[in-house]
Amino acid sequence: MSRPLHRGVPVRIPERNNDSWDSQSKDKTEKEGFDRRFSSAHPSPLRSPFRLLSDNSNSMLGITENGLSSDPYIIGTPRNRHKLILFFLKFSLVFVVILALAGSFWWTISISTASRGHIYHGYRRLHEQLVSDLLDIGEISYAPSRLKELEFCYKEFENYVPCFNVSDNLALGFSDGNEFDRQCGHELRQDCLLLSPPNYKIPLRWPTGRDIIWVANVKLTAEEVLSSGSLTKRMMMLDEEQISFRSASLMFGGVEDYSHQIAEMIGLRNESNFVKAGVRTILDIDCGYGSFGAHLFQNQLLTMCIASYEPSGSQVQLTLERGLPAMVASFNSKQLPYPSLSFDMLHCARCGIDWDRKDGTLMIEADRLLRPGGYVVWTSPLTNARDRVSQERWKFIQSFAENLCWDMIPQQDETVVWKKTSTKDCYSSRKNSSPPPLCGRGYDVESPYYRELKNCIGGTHSSRWISIEKRETWPSIDQLNKKDLEHFGLQSDEFSEDSESWRASVHNYWSLLSPLIFSDHPKRPGDEDPPPPYNMLRNVLDMNAHFGGFNSALLHAGKSVWVMNVVPLNAPNYLPLILDRGYVGVMHDWCEAFPTYPRTYDLVHAAGLLSLEFAQQHRCAMLDVFIEIDRILRPEGWIIIRDTVPIIESARALTKRLKWDARVVEIESDSDQRLLICQKPFFKKQAN
């Protein structure tokens, strides 16, 4: 019988004779009886597992009531059993695959969990090695535009100072002297490297460089020298290549007699006694060419020169060229980026500041910066003026100084000295609550950053309100006592460990500052080599000064340097601590240009700065910071960057674009930090 194509479709059966049909029926009946007997006696082993497939016995045997074949998956024939086995094998195979995948997934999770501690332990070194390897590969495979060296700027940018563009400020509507203020964010960044002037020469080493500088290194002409004040002309001699500042011992009627006069006015025998009177740091406003600070430096006094930006003939540029502290800043409309109670003396000799302007707010700012018991020294022809207008101005200044609790010392010639009150009782005893008022307790006096001038007296609520007569004198103030450290939330052990760590670091740094460090020759600078001379460096910029430990360690090692200690805006504000140690410093945002002229520092040091600025936030690019470092660094100047391995490797890749010589140095075998030692080449080629 042929098998039907479709179940339930009638199939025509050919006619047969009755004998044949009867015979078949008989055989069928006998066969069914035999099968029933055999099944009862010998149950089939395949019958029970598939019992639910059908309840009909005939269907179980593969025969329907009409004698046709049933569903092909029903057991009964060898062919049907073969198909059922194939179905079972396919189902088993799918089940095994699913089980294997689930087991593999569970095994992966268990291995990761069990190995987490080991993986975490080795993650840092694996990551460091990966970064190093990728950067090495990247140096070869990067596209040329990615590692293209920066071009040189045009010649007119050789004295470029960002954020001080007078013409742009005037166009933006700034006036009344505000056009000379610092205004960042209005100009495009110059992604190029500044070239030195055509006849630029490496400055002479200290102390020779204090008295002799190269004319080509500063933007100063003979006409500007001759047009300067009489005091300045007596201090300078100009020839074709050099500007020579006369030795203090040869001066007559110059800075030596002038400083001696100031000392006598405050009751001292001479200027060498300033330190004994509690004076260490001096803010010199419009300092001329830094001769006052240069003379006092030999008496352990540290003078910070500030002056407004000048397109040419800059006081700040020339002062820095002499190896003396200076920065671009001005008393005009903004607070200076120093905390309150920062200086022991303020000096202003013919500085051109009209202290009576803006209702005395400029004098309030001077008071904010001055420590209790400190001195204000002002030399001006206004003090001896005879005309009525000038006398009224002088009278206002005297009256306002009295309201600020400044005690005036008897005048000599054109020089006036005031002494700031040492106690706060004076403010409450003023007549009729004379203005200006005291600032409120919530006034933040420790972190001003070019804020608008305030019309109130600041610093009176500070825990640092200590008279200079009661403070330790230099050099003892370098090591703050336990009580002083408590003002900043520090313990003596923490401070001491920081100091010792930096002393060891300075010893290692100094031995590395040699061109041999960049050589592929096996010979490297080491302890057996003679160290660089003590006066190899003079102007040092510490971009992330922390406690000022780097500055202290340099002086402890006998190096003839001064350090501009910079506290970044997003770092803990330890600038008051640094200033209380007898050093100079400033707050700064390193995504902006530093307020100085090009080629003014011999060494730029950055410990942890890059991690601080770029590990979590990216307000600016690392390349922008490096271009700014290149701008302020002198030719053949040094850069020391200390940071984590990934940061150092990223920085090393950028040094190629700035044309610096660079070498990565290990600090300790088990340390996760590295040193990046760089030197800026001296390019004499001129831009097109």
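The values are calculated or read from the model by the stated rules, or taken from the named source; none is laboratory data. As the structure is a computational prediction, the values presented were derived from the model and not from experiment. In this analysis, Cβ positions are derived from the backbone assuming ideal geometry, glycine residues included, and neighbour counts consider all displayed protein chains.
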Exercise for review: Under 8 Å between Cβ atoms, at least 6 apart or on separate chains: pull out the pairs that start in region 565-581 with a residue that is touching a residue at least 60 places away in the same chain (Cβ under 8 Å) and crowded, with 18+ Cβ neighbours inside 10 Å and end on any residue that is part of a strand (DSSP E or B) and among the small types (G, A, S).
Suggested key: L575/G585; L579/G585
**Study point:** Selected residue (only one of V664, V645 is in contact with a strand residue (DSSP E or B) (Cβ under 9 Å, 6 or more places away or on another chain), farther than 24 Å from P595 by Cα and free of Cβ contacts under 8 Å to residues at least 24 places away in the same chain)
**Key:** V664
Review point. Among the residues of region 413-472, which ones are touching a strand residue (DSSP E or B) at 6+ places or on another chain (Cβ under 7 Å), surrounded by fewer than 17 Cβ atoms within 10 Å (Cβ to Cβ) and of a type in the set (G, A, S)?
Key: S447, S467
Review point. Among E592, E668, E649, which is the only one that is in a loop (DSSP other than H, G, I, E, B) and more than 15 Å from the chain's Cα centre (by Cα)?
Key: E668
Study note, to complete from the structure: Reported set for region 396-410 where residues are acidic (D, E) and either touching a Gly at 6+ places or on another chain (Cβ under 9 Å) or not in a helix (DSSP H, G or I) (or both) is D407
Exercise for review: Might you let me know whether region 476-487 holds any residue that is outside any helix (DSSP H, G or I) and among the hydroxyl-bearing types (S, T, Y)?
Suggested key: no
Point to revise | Y449 vs. criteria without any contact (Cβ under 8 Å) to a residue 60 or more places away in the chain, among the hydroxyl-bearing types (S, T, Y), assigned to a loop (DSSP other than H, G, I, E, B) and closer than 27 Å to S308 by Cβ | key: no
Exercise for review: Scan region 348-395 for residues that are assigned to a helix (DSSP H, G or I), β-branched (V, I, T) and more than 36 Å from the chain's Cα centre (by Cα) and report the count.
Suggested key: 2
Exercise for review: Kindly provide the set of residues from region 198-218 that are out of contact with any Lys or Arg (no Cβ under 8 Å at 6 or more places or on another chain), surrounded by 18 or more Cβ atoms within 10 Å (Cβ to Cβ) and within 27 Å of F626 (Cβ to Cβ), ordered by number.
Suggested key: V218
**Study point:** Filter result for G442 (out of contact with any helix residue (DSSP H, G or I) (no Cβ under 7 Å at 6 or more places or on another chain) and small (G, A, S))
**Key:** yes
Point to revise | Breaking point among (1) at positive phi; (2) out of contact with any Asp or Glu (no Cβ under 7 Å at 6 or more places or on another chain), for L612 | key: (1)
Exercise for review: Please specify each residue of region 595-632 satisfying the condition of being part of a loop (DSSP other than H, G, I, E, B) and closer than 20 Å to L150 by Cα.
Suggested key: P598, R599, C620, A621
Exercise for review: Test Y309 against the criterion of being closer than 18 Å to V566 by Cβ and in a loop (DSSP other than H, G, I, E, B), and give yes or no.
Suggested key: no
Review point. Out of all the residues in region 583-615, which are surrounded by 20 or more Cβ atoms within 10 Å (Cβ to Cβ) and touching a Gly at 6+ places or on another chain (Cβ under 9 Å)?
Key: Y583, G585, R599, Y601, D602, L603, V604
Practice item. Starting from residues that are touching a residue at least 40 places away in the same chain (Cβ under 8 Å), of a type in the set (V, I, T) and farther than 24 Å from Q398 by Cβ, keep the ones in region 316-366 and report whichever is surrounded by the most Cβ atoms within 10 Å (Cβ to Cβ). Key: V316
Check your understanding: Looking at region 474-496, which of the residues that are surrounded by fewer than 17 Cβ atoms within 10 Å (Cβ to Cβ) and within 24 Å of Y375 (Cβ to Cβ) is nearest to the chain's Cα centre (by Cα)?
Key -> H487
Review point. Is it true that P372 is surrounded by fewer than 17 Cβ atoms within 10 Å (Cβ to Cβ) and under 27 Å from T303 (Cβ atoms)?
Key: no
Review point. Among strands (runs of 3 or more DSSP E) lying entirely in region 169-276, which contain 3 or more residues that are under 41 Å from the mean Cα position of the chain (by Cα) and modelled with pLDDT of 80 or more?
Key: 212-214, 242-245
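Of these, S650, S671, which one is touching a residue at least 60 places away in the same chain (Cβ under 8 Å) and hydroxyl-bearing (S, T, Y)?
On inspection, the qualifying residue turns out to be S650.
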**Study point:** Candidate set: region 631-663, residues that are farther than 21 Å from V540 by Cα and in contact with a Ser or Thr (Cβ under 9 Å, 6 or more places away or on another chain); chosen: the one surrounded by the most Cβ atoms within 10 Å (Cβ to Cβ)
**Key:** I647
Point to revise | Evaluation of D643 against (1) modelled with pLDDT under 95; (2) among the charged types (D, E, K, R); (3) assigned to a strand (DSSP E or B) (one fails), failing number | key: (1)
Review point. Of all the residues that make up region 560-596, how many are modelled with pLDDT under 95 and of a type in the set (K, R)?
Key: 0
